[in-house]
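> Pasting in a structure now, in structure tokens, and then I'll have a few things to ask.
The values are calculated or read from the model by the stated rules, or taken from the named source; none is laboratory data. Please read these numbers as outputs of a predicted model, since none were measured by experiment. As a convention, Cβ positions derive from the backbone with ideal geometry for all residues, glycine included, and neighbour counts pool all protein chains shown. Side chains included, ligands, DNA and RNA excluded: accessible areas come from the protein's heavy atoms. Shrake-Rupley method; radii C 1.70, N 1.55, O 1.52, S 1.80 Å.
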Amino acid sequence: MIASAGPGLSSRLFASLRRRDQRTKAELYLTGLLATEGRKSVRNISASLSGAGDGATEQSLHHFITSSTWDWAPVRTALAETLAERAPRHVWTVRALPIPKAGTHSVGVDRLYVPGLGQSLHGQLAFGLWCADEQLAAPVDWRLHLPDSWLSEAPRRARAEIPASAAPEDLDECAVSLAIGGAGRTTGRPVALDHIPARPGAVADAFTRAGVPFLARITARTPLAVADPALPGAGAGPLPAGQILQALRGLRRPVTWPDPGRTPVRRSSLVAAVPVRVGRAAAGHRLLLLGEWTDPRRPPAALWLTWVRGASAGTLLRLTKYAARVRVDGEPLGDRAGLRDFEGRSFPGWHRHMTLASVAHTVLAASVADTSYALPLSA
């Protein structure tokens, strides 16, 4: 177990904390996240740091997370910049993180349907923005989905300290808002939306209007229109994406890619990219439907709607494999870093904990990545 992140990384990430005592507590909390076994509650972190547990340490850390005035946004931006510098070919990945909860007081808790799980749960649902490449995946920003019951009930909203700027949004809007406006927008690299949107046309329109290159996971049933008049299906109107790809499987080409679970193992798939139009984005932009076949005798295993200028089908597929690293090893490391463990009730407290847990996740991920991927974990 890593005992400390070291001064090299923490001094850069915590530079926005103006007071020395705040920087000291941030480093202490980070050390606790890395050293504490099991659930990363403030009480457990305090006990890990002080042996049998120290009431003064627990109270100090609790205040630092829930009631202090430090802004988490600059810390997240610094984390995004640090990771982007050391992973120049990264893809920003947006993925939902379900957080089961037993009680009803944690901010955002409700009975929620999680598309990625295909089922409902009682708890919180957050979207994370991750920096992912062939070697590492780490979260840099978060957006908590807030059901209407938390926004429309004034006493409940006030107790949770939900800011006035928080407005109702569906899951698509929550994910896209993070993708376009999150800390990762410090670079112009593509965003992989690893969330099947309910309204793919509106999602594509939002990305293209903002000028953000993207790859969005879709299903075989998503209706699209073939945009190249020389291809079969052009002029037929909207067709299911899976049907378009099966009709044009003669366009498939082999592409090798890094296995996100067993780097540096390389694998191969058949890939086809078809020009299409969807929703209002059709008025100004032609998109690509990217299909991947892991078995040439079966339907496509994965389908993506993309808008990344100048990228080949092979490059696009490899970006989706970088995004897959979040699913394969990002979430297990996230549990070790305490991403699901905040026990407080407030909106600011949740964000401060998630920020420091993201830093802890980065330290853990860098420690198991290829040695050529070096974060400045010591001075």
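> Taking 0.36 nm per residue of sequence separation and subtracting the Cα-Cα distance, how much length would be gained by fully extending the chain between Val114 and Ala15, in nm to one decimal? Don't skip to the answer; put the middle values down first.
Numbers: separation 99, 0.36 × 99 = 35.64 nm, distance 3.65 nm.
Difference between extended and current length: 32.0 nm.
> Separate question: Express the carbon and sulfur contribution to the solvent-accessible surface of the stretch 227-276 as a percent, rounded to the nearest whole number, probe 1.4 angstrom.
55
> I would also like to ask the following. If you roll a 1.4 Å probe over the heavy atoms of the protein chains, what accessible area per residue do you get for the chain, in Å²?
For the chain, the per-residue accessible area is 43 Å².
> Quick check on the chain: of the DSSP beta bridges with both residues there, what percent are antiparallel, nearest 5%?
Looking only at bridges with both residues in the chain, the antiparallel portion is about 90 percent.
> Considering only C-alpha atoms, what is the centroid distance from the stretch 68-134 to the stretch 156-174, in Å?
Cα centroid of the stretch 68-134 versus Cα centroid of the stretch 156-174: 15 Å apart.
> Also: Rounded to the nearest 500, what is the chain's calculated 222 nm mean residue ellipticity when only DSSP H runs of at least 4 contribute -39500 (n - 2.57) each, over all residues?
-11000 deg cm²/dmol
> How tilted is helix 200-210 with respect to the longest principal axis of the chain? Cα atoms for both, answer in degrees (0 to 90, nearest 10).
With both axes taken from Cα atoms, the answer is about 70 degrees.
> Continuing with this model, one more query. For the chain, what value does the Rg/Rh ratio take when both radii are computed over Cα atoms and Rh is the Kirkwood radius, given to two decimals?
Rg/Rh for the chain comes to 1.00.
> What's the extension gain from Ala198 to Arg39 if we count 0.36 nm per residue and subtract their Cα-Cα distance?
Full-extension gain reported as 53.8 nm.
> Pulled fully out, how much extra length does the chain show between Glu153 and Thr104, if you take 0.36 nm times their separation in residues and subtract their Cα-Cα distance?
Separation in residues times 0.36 nm, less the Cα-Cα distance, equals 16.2 nm.
> Put a dot 7 Å past each Cα toward the Cβ at Thr219 and Glu161; how far apart are the dots in nm?
4.0
> Another question, if that's okay. Mind checking which lysines have their Cα closer than 23 Å to the Cα of Lys101? Skip sequence neighbours fewer than 8 apart in that chain.
Lys40
> Could I have the simple spin-label model distance between Thr315 and Ser67, label points 7 Å from Cα toward Cβ, reported in nm to one decimal?
5.3
> Still on this model: Cut-off under 12 Å on the C-alpha distance; same-chain residues fewer than 8 positions from Lys25 excluded. Which aspartates and glutamates are left, in chain and number order?
Counting by Cα, and skipping residues close in sequence, Lys25 has these aspartates and glutamates nearby: Glu58.
> Using a Förster distance of 41 Å, how high is the FRET efficiency between Arg266 and His122, based on the Cβ-Cβ distance and rounded to 0.05?
Working from the Cβ atoms, E equals 0.50.
> By the scheme Lys and Arg +1, Asp and Glu -1, what is the net charge of all other residues having a beta-carbon under 12 Å from that of Gly123?
On the way: positive: Lys101, Arg111, Arg340; negative: Asp110.
Summing Lys/Arg as +1 and Asp/Glu as -1 gives +2.
> Let me ask you something else. Could you calculate the FRET efficiency of Arg249 with Gln59 from 1/(1 + (r/R0)^6), where r is the beta carbon distance between them and R0 is 56 Å, rounded to 0.05?
The value I calculate is 0.30.
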